[in-house]
Ligand SMILES: [Zn+2]
Ligand SMILES: [Zn+2]
Ligand SMILES: [Zn+2]
């Protein structure tokens, strides 16, 4: 019998189609033909002049802005979805509608000079540096009165909306708090009023006790398949200690977070042969709304299914993979360092 499962925070239901559920290995992706396009990639060394001028870079000493020699490089998006980052929002009504100017920031955070290595394949030190760059850019925008929220996301693979192969994240500074975050804050508040505790802390304690949905954990972070996973192989990363702000991580926590993120993504990469995915960082809004209450986390959503009429019409996802089976499958994916042959693209 299919099972309806409810998320304890958003109260959203998903259907786990147990009988239609596919065995985890059937989600493995077909081998991809890798097109070697480094010669024309504006995110590769030597092409710095093809992007808007950098707003931040971690560089080798002695190298100048907009030249090679960087390890993480941040540039404004050439075709920004929001911007500029200052001015008048001018909220106004048009008949029954509300409209305002789409002010904001839209940046591209180029993860490393490596065209073919995403977070799953990069060395631990580089992943730590990448997370540090997310925090640095997050903090730069914090004092901008126009911005109510900064969302950092990664699109990986064409099917997940990545228009460039070269690994990068995007930062969206926007003048509103996203519905998804508002919904979580309201859900955490409701749960706290009812039970007196943080729903996500309770989720973590329970998941660590039963263990069947755990993918990986280190001393500070847990990577797990949510009980009410919306999509096959949905994977969350959550700090074990309650904290509202990802940007408040200590250096030690950044390193542990990098280890957990890299491991979670490596398990998807090797287990399912580099599936397309999106991930995003959910942290408390700048305004203090959700401070204390919020429990920040990263949600990784592989793009292995499509939302069809039922999902769009009902908001209820039909998930054809049992989260427990997905987690068990990912737990067993070996974690050796990739060999040079695996980590380098075949051309
Ligand atoms: Zn490139
Ligand atoms: Zn918590
Ligand atoms: Zn979330």
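Just so it is clear, none of the values below were taken in a lab; they were calculated from the coordinates. Worth saying up front: this structure is predicted, and the values here are computed from it rather than measured. Note that each Cβ is placed from the backbone with ideal geometry, even for glycine, and that neighbours are counted across all protein chains shown.
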Requested in this report: Determine, for each peptide in 89-99, 318-328, the mean count of other beta carbons within 10 angstrom over its residues, then list the peptides with the highest first.
Outcome: 318-328, 89-99
Report task. Would you mind listing how long the chain runs along its three principal axes, going by Cα atoms, in whole Å with the largest first? Result -> 60, 56, 41
**Report entry** Zero-based 10 Å bins, Cα pair distances in region 77-139, whole percents
**Finding:** 18, 31, 25, 16, 10, 1
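Do you know the relative contact order of region 78-165, to the nearest whole percent, from alpha carbon pairs under 8 angstrom that are 6+ apart?
Relative CO of region 78-165 lands at 25 percent.
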Report summary line: What one gets for region 174-330 as the Kirkwood radius, inverse of mean 1/r over different Cα pairs in Å, is 16.4 Å
Query - Rg in Å to one decimal, and Dmax rounded to a whole Å, for region 36-90 via C-alpha atoms - result: 13.8, 46
Query raised in the report: Which whole-number percent gives the relative contact order of region 132-271, counting Cα pairs below 8 Å spaced six or more residues apart?
Result: 17 percent
Query - Relative exposure of 3, 311, 107, judged by other C-beta atoms within 10 Å (fewest first) - result: 3, 311, 107
Query raised in the report: Who wins for biggest fluctuation among 103, 293, 78 in a Gaussian network model of the chain, springs between alpha carbons below 10 Å?
Result: 78
Requested in this report: Tell me what the chain gives for mean residue ellipticity at 222 nm when only DSSP H runs of n ≥ 4 count, each as -39,500 (n - 2.57), the sum divided by the residue total, rounded to 500 deg cm²/dmol.
Outcome: -8000 deg cm²/dmol
Requested in this report: Would you please put 44-51, 66-73 in order of how densely packed they are, using the mean number of other Cβ atoms within 10 angstrom per residue and starting with the highest?
Outcome: 66-73, 44-51
Query raised in the report: For region 129-258, what size does the Cα cloud have along each of its three principal axes, sorted from largest down, in whole Å?
Result: 39, 33, 31
**Report entry** Antiparallel bridge percentage (DSSP; both residues within the chain; nearest 5)
**Finding:** 95 percent
Report task. Could you pull out which residues in region 189-233 have an amide N less than 11 Å from a spot 7 Å beyond the Cα of residue 324, following the Cα-Cβ vector? Result -> 211-213
Query raised in the report: If you bin every alpha carbon distance in region 1-154 into 5 Å steps from zero, what whole percent lands in each bin?
Result: 2, 7, 12, 13, 13, 11, 12, 11, 10, 7, 2, 0, 0
Query raised in the report: On average over all directions, what projected area in square nanometres does region 232-296 have, based on the convex hull of its Cα atoms?
Result: 5.1 nm²
Report task. With an 8 Å cut-off on Cα pairs and a minimum separation of 6 or more residues, tell me the relative contact order of the chain in percent. Result -> 22 percent
Requested in this report: Using 0.36 nm per residue of separation minus the Cα-Cα distance, give me the extension gain between residue 218 and residue 153 in nm, one decimal.
Outcome: 21.1 nm
Query raised in the report: To the nearest 0.05, how large is the calculated FRET efficiency for residue 210 and residue 163 if R₀ is 56 Å and r is the Cβ-Cβ distance?
Result: 0.90
